[in-house]
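The values are calculated or read from the model by the stated rules, or taken from the named source; none is laboratory data. This is a predicted model, so every value here is computed, not measured. Here Cβ is always computed from backbone atoms with ideal geometry, including for glycine, and neighbour counts include all displayed protein chains. Accessible surface is based on the protein model in full, side chains and every heavy atom, while ligands, DNA and RNA are left aside. Shrake-Rupley method; radii C 1.70, N 1.55, O 1.52, S 1.80 Å.
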Amino acid sequence: MALLIDIDDAADPRLDDFRDLTVADRRPDRPGGRGLVIAEGTVVVRRLLSSPYPVRALLGVPKRIGELVDDLATLDMPAYVTSDRVMTEVVGFHLNRGVLAVADRAPRPTLDEVVVDARVLAVVEGVNDHENLGAMFRNAAALGVDGVLLGAGCADPLYRRSVRVSMGHVLRMPFTVAEQWPHALDELRKHGFHVAAFTPRAEAVTLRDVREAGHCRIALLFGSEGHGLSQAALDAADSEVRIPMASGVDSLNVATAAAVAFYELTR
């Protein structure tokens with residue numbers, strides 16, 4: 001079982017993995033820094049504990065650690081038990097959820113490994129808002145998408161806020177980063193995927209048209225909210241697709257648009 005350790009000193013160096021989460025240049029989850037994965041709350045911590053990411057430690061108040069005792073029964077790691085006051089001092093803000101877990105990053109799969117058994121993929125370019133990206137991962141997991149490919153300009157899906165908004169589903173969804181963009185779309189095509197690029201352009205075909213075309217494998221390509229997809233990405237796609245909307249509304253939040261597309265093409 002995980003070793004339960006009581007700590008009452010916020011300066012204890014054993015808590016350094018959890019320290020200063022609001023300080024930009026010292027955050028332990030910065031990809032350019034230590035690159036740790038951080039989960040908040042019992043639900044997300046449980047998903048981290050059952051994920052491929054090697055968990056280093058937990059920190060929480062007694063009530064929340066107590067809720068996780070069964071989950072910790074077969075794990076070998078420290079679980080630091082402390083007061084709400086000490087936890088607030090360490091983390092840098094009051095954490096309502098009362099428990100954190102930190103893990104090292106797992107090796108990222110290759111594009112071939114992500115697509116090998118996939119039928120529907122989500123592909124994103126320029127989505128640099130952590131909450132939008134986390135919401136897309138949660139939607140993808142909920143609606144049966146098989147994997148995610150991150151193109152140029154995307155935020156880090158393992159940043160703390162993305163993990164939290166995804167409710168930990170980013171930890172179970174296969175994803176990788178395109179090393180060559182937008183050439184990765186040609187690689188998807190070689191694997192038999194039809195690449196459908198989402199745009200509000202009136203001349204684009206509708207989402208229902210794409211579903212009725214009956215593609216065996218499809219990659220759904222979404223761009224940033226501000227500028228949408230780059231022209232290079234649009235040119236590399238097989239089709240341009242729109243979601244029909246009421247008069248006077250030209251677009252949806254990218255995570256919402258993705259959810260609509262995921263539902264239509266996985267049902």
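With contacts taken as Cα pairs under 8 Å and at least 6 residues apart, the stretch 1-123 reaches a relative contact order of 37 percent. Considering only V145, P13, A122, whose Cα is most displaced toward the positive end of the charge dipole of the chain, charges sitting on Cβ of Lys, Arg (+1) and Asp, Glu (-1)? Of the listed residues, the answer is V145.
At a 1.4 Å probe, what is the % contribution of carbon and sulfur to the accessible area of the chain? Intermediate results must be reported in sequence, preceding the final value.
Values: 6030 of 12400 Å².
Reported share for carbon and sulfur atoms: 49 percent.
Using 0.36 nm per residue of separation minus the Cα-Cα distance, give me the extension gain between V43 and D104 in nm, one decimal.
Working: separation 61, 0.36 × 61 = 21.96 nm, distance 1.88 nm.
Full-extension gain reported as 20.1 nm.
When only Cα pairs below 8 angstrom with a gap of at least 6 residues are kept, the chain shows a relative contact order of 19 percent. Using the 1.4 Å probe convention, the accessible area of the chain works out to 46 Å² per residue with neighbouring protein chains retained.
Full extension from R208 to L4: what is 0.36 nm times the residue separation minus their Cα-Cα distance, to one decimal in nm? All intermediate terms of the calculation are to be shown ahead of the outcome.
On the way: separation 204, 0.36 × 204 = 73.44 nm, distance 5.38 nm.
Separation in residues times 0.36 nm, less the Cα-Cα distance, equals 68.1 nm.
Just the number, please: percent antiparallel of the DSSP beta bridges in the chain, rounded to the nearest 5.
Details: 10 of 38 bridges.
Around 25 percent of the beta bridges assigned by DSSP in the chain are antiparallel ones.
Taking the average, over residues, of other Cβ atoms within 10 Å as the packing measure, peptides 51-57, 241-247, 40-46 rank 40-46, 51-57, 241-247 from highest down. The value of relative contact order for the stretch 112-267, using C-alpha pairs under 8 Å at least six residues apart, is 29 percent.
Can you order the peptides 130-138, 212-220, 95-103 by their average number of other Cβ atoms within 10 Å per residue, highest first?
Values: 130-138: 23.0, 212-220: 16.6, 95-103: 21.1.
Peptide ranking by packing, descending: 130-138, 95-103, 212-220.
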